[in-house]
Amino acid sequence: MKTRYTPIDKNLFIKNRRKFVQRMAPQSIAIFNSNDIYPISADSTLPFQQHRDIFYLSGIDQEESVLVLCPCAYHEEHREMLFVRETNEHIAIWEGEKYTKEQATEVSGIKNVYWLQDLERILDRVIPQIDNIYININEHYRAEKVVETREDRFIKKLQKNYRGHTYLRSNPILQHLRSIKEPEEIDIMQKACDITEKGFRKILSFVKPGVWEYEIEAEFLYEFIRNRSKGCAYTPIIASGKNSNVLHYILNNKECKDGEVLLLDVGAEYANYSSDMTRTIPVNGKFSARQREVYQAVMNVKNESAKLLVTGNNWYDYHEEVGKIMTEELLKLGLLTTDEVKNENPEFPAYKKYFMHGNSHYLGLDTHDYGILTEPFVPNMVFTVEPGIYIPEEGFGIRIEDNVVIQPNGEPYNLMRNIPIEIEEIEDLMNSK
Ligand code: GLY
Ligand code: MN
Ligand code: MN
């Protein structure tokens, strides 16, 4: 089975399953489904995106796959099972290669692979042996819950068939496990950041007055895809001029003009892992004095706040401190007055007028990755650091975003350490041919 990305060592998935199983209650089974291939209209569909939980636990990157973990099952062959779509000549002609049972084992390290049509029959044998069923509901604090997923449909059916069992939640376990990365995962995320770097270096010599935002998006995509990425990890933001103040600007349809800044929030995915970069550059290759000043203030916040991403701190306390650092910079820029700060509403501090989003989020298989916000930071958690100052009255905003790994001691390790960020470096690269 050929994926675009280099195959991942199956030991990662074996380790991930072992960690999950260790946290399961006795007498339990846990079941994980793939995503649907989402329809558009007529017979069109969106490209398949594997559900990140089944990927995390198996490496299986194919639709209609189901993972079942039941460590206490009586029969050894029921303790860890994978169900995949049975392929045939018709599927081979129209869709190409799908996993054979042997390939599914090779990818996941799971010995017992069955065709999907055997799922119900085998569950009917195993579930009566146990008391608890772990179901996988998305509990991310920002999760979009409008669309019924394949997992949701599966859970409905399960709860109809097994009314006497106790249902438990997989999500808190996964939120905890997925927030702490294995070294193999950090290597993959480094690769995603390196691909993003290639894209950014490419556009530095491409951007000049008169280019269009979508042309810049195309340059990034070209570089990402030719480096084995499926493309962007999230919808890219290519925002020139006043668009740089629109936090989720994704139209990318404007001409970049002399004197404007260009805010680029663009990251490559690699092997389903995200990178999440923001850089802000001058369209004409030279920041104005005021743009420089604001840029340097954002850099100061980034550098100072990154020092707080250390073991033992936590997301809420960290954000309190970041607020103070940002407030200082906004005072220096003359955007806030000491009176405004003194009289601020603690529920909505003064700095939020110019910096209205979070400074960090977990990063991993999802761009806004799983992670329990009340847990203290521990080594190998990966976060973004992404301060911004947005000044609509001056017609521009600046954000800078890096991806860092919490270390056992001291400052975090920057996965984007090689991506140009200093004012002089950016200006030099933009002006060298
Ligand atoms: N690109 C999405 C974010 O920065 O959170
Ligand atoms: Mn971003
Ligand atoms: Mn981000």
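The values are calculated or read from the model by the stated rules, or taken from the named source; none is laboratory data. Note that the structure is predicted; figures quoted are calculated from it, not measured. Counting neighbours? That spans all protein chains shown, and the Cβs are built from the backbone with ideal geometry, glycine included. For the accessible areas, the whole protein counts, side chains as well, though only heavy atoms, and no ligand, DNA or RNA atoms are used. Shrake-Rupley method; radii C 1.70, N 1.55, O 1.52, S 1.80 Å.
For the pair the range 32-100 / the range 254-329, the C-alpha centres are spaced 38 Å from each other.
For helix 183-204, report the angle its Cα long axis makes with the longest principal axis of the Cα atoms of the chain; keep it between 0 and 90° and round to the nearest 10°. So the inclination is approximately 40 degrees.
With unit charges on the beta carbon (Lys/Arg positive, Asp/Glu negative), name the residue among Pro209, Tyr167, Tyr74 whose Cα is farthest towards the positive pole of the charge dipole of the chain. Comparing the listed Cα positions along the dipole, Tyr74 ranks first.
For a label point 7 angstrom out from the Cα of Asn409 toward its Cβ, which stretches of the range 301-345 have the backbone nitrogen within less than 20 Å? Only 307-313 fall inside the zone, counting backbone N under 20 Å. When the chain is treated as a GNM with alpha-carbon contacts under 10 Å, the residue of His248, His75, His319 showing the greatest mean-square fluctuation is His75. The long axis of helix 10-22 is offset from the longest Cα principal axis of the chain by roughly 80 degrees. Positive contributions from Lys and Arg (+1) and negative ones from Asp and Glu (-1), summed over other residues with Cβ under 10 Å from the Cβ of Lys181, come out at -4.
If we sort 287-297, 323-333, 236-246 on the protection proxy, mean other Cβ atoms within 10 Å, highest first, what's the order?
Values: 287-297: 17.0, 323-333: 18.7, 236-246: 23.0.
So the order, starting with the most tightly packed, is 236-246, 323-333, 287-297.
Any chance you could run the full-extension gain for Leu116 through Glu320? It's 0.36 nm times the residue separation minus the Cα-Cα distance, nm to one decimal.
68.5 nm
Across the range 276-343, counting alpha-carbon atoms alone, Rg and Dmax equal 14.3, 43 Å.
Report the relative contact order of the chain, percent, no decimals, based on alpha-carbon pairs under 8 angstrom and at least 6 residues apart. Walk me through the numbers on the way to the answer.
Working: 825 pairs, mean separation 61.2, N = 433.
Once normalised by length, the contact order is 14 percent.
Taken over the range 210-267, the alpha-carbon convex hull comes to 68 cubic angstrom per residue.
Given a Förster radius of 35 Å and the C-beta distance between Leu247 and Arg23 as r, what FRET efficiency does 1/(1 + (r/R0)^6) yield to the nearest 0.05? After rounding, the FRET efficiency stands at 0.45.
Given the peptides 187-194, 260-267, 391-398, arrange them by the average over their residues of other C-beta atoms within 10 Å, most packed first.
Numbers: 187-194: 21.5, 260-267: 25.9, 391-398: 17.8.
Per-residue Cβ counts within 10 Å, averaged per peptide and sorted highest first, yield 260-267, 187-194, 391-398.
Measuring nothing but protein heavy atoms, the accessible surface of the chain at 1.4 Å probe radius is 52 percent carbon and sulfur. Axis of helix 315-332 versus longest Cα principal axis of the chain: the two differ by about 10°, to the nearest ten degrees. Estimated from the Cβ-Cβ distance and a Förster radius of 30 angstrom, the FRET efficiency linking Ile40 and Met356 is about 0.35.
The helix-only estimate of mean residue ellipticity at 222 nm for the chain, built from DSSP H runs of length n ≥ 4 each weighted as -39500 (n - 2.57), is -10500 deg cm²/dmol after division by the residue total. Taking only the Cα atoms of the chain, the radius of gyration and Dmax are 23.9, 74 Å.
Distance between the modelled labels on Lys257 and Asn313, one decimal in nanometres: 3.9 nm (7 Å Cα→Cβ projection).
Electrostatic bookkeeping for Lys145 treats Lys and Arg as +1 and Asp and Glu as -1; over the other residues with beta carbon under 13 Å from its beta carbon, the sum is -4.
Expected output is a single nm value to one decimal: the length gained when fully extending between Arg226 and Lys10, i.e. 0.36 nm times separation in residues minus the C-alpha distance. What is it? Before the final figure, lay out each step's value.
Numbers: separation 216, 0.36 × 216 = 77.76 nm, distance 2.50 nm.
Gain in length upon complete extension: 75.3 nm.
Note on Lys10: aspartates and glutamates with a C-alpha under 16 Å away, same-chain residues under 8 apart excluded, are Asp53, Asp61, Glu80, Glu102, Glu106, Glu182, Glu184, Glu185, Asp187.
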